[in-house]
1. List the trypsin sites (Lys or Arg not before Pro) in the chain that DSSP assigns to loop (not H, G, I, E or B) and whose Cβ has at most 13 other Cβ atoms within 10 Å. Which are they?
2. I'd like the Karplus ³J(HN,Hα) series for the stretch 71-79: coefficients 6.51, -1.76, 1.60, θ = phi - 60°, whole numbers in Hz, and an x wherever there's a Gly or Pro.
3. Please work out how much length the chain gains when fully extended from THR2 to VAL20, using 0.36 nm per residue of separation minus the C-alpha to C-alpha distance, in nm with one decimal.
4. For the stretch 7-81, which chymotrypsin sites (Phe, Trp or Tyr not before Pro) pass both filters: DSSP loop (anything but H, G, I, E, B) and at most 12 other C-beta atoms within 10 Å?
Amino acid sequence: MTHYRTVAPAVPWNINVLKVNVKNPHLTFETVKANDRLAGHEIISSMANRRSSPGHDAVGAINGDFYAGDGSPTNIQIAQG
C-alpha cells in the first residue's frame with residue numbers, strides 16, 4: 001500500500017492517492033455508514049477509528065458516495081456482499 005499526496009495551493013488542490021494491491025490476502029475492504037445509520041454525518045477519520053480494533057486496523061479511508069443535505073445517500077451502498 002502506498003500513499004501519494006500532491007498540494008497545489010494556487011488551484012487550490014490537496015490530492016491524496018492511496019494505491020492498494022487488491023490481490024494482497026492481508027487486506028480487506030469494508031464500507032461504513034456514518035454513525036452506523038442510513039442518514040448521518042461523520043468524518044472519515046472518525047469512522048476509521050470506530051471500525052479499528054486489535055488485529056483489525058483501518059489504514060486508509062475514502063469518501064465513496066454522495067449524500068443529500070440530511071446525510072442520506074443518493075446512491076446505493078453494498079456491505080458484506
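1. Details: sites: ARG5, LYS19, LYS23, LYS33, ARG37, ARG50, ARG51; in loops: LYS23, LYS33, ARG37.
Within the chain, the qualifying trypsin sites (Lys or Arg not before Pro) (loop, at most 13 other Cβ atoms within 10 Å) are LYS23, ARG37.
2. x, 7, x, 9, 10, 8, 10, 10, 10
3. So the extension gain works out to 5.8 nm.
4. On the way: sites: TRP13, PHE29, PHE66, TYR67; in loops: PHE29, PHE66.
Of the chymotrypsin sites (Phe, Trp or Tyr not before Pro), the ones in loops of the stretch 7-81 whose Cβ has at most 12 other Cβ atoms within 10 Å are PHE29, PHE66.
Each value in this text was obtained by applying a stated rule to the coordinates, not by laboratory testing. If you're wondering where the values come from, they're calculated on a predicted model, not measured in any experiment. Methodologically, a virtual Cβ is constructed for each residue, glycine included, from the backbone with ideal geometry; neighbour enumeration extends over all protein chains shown.
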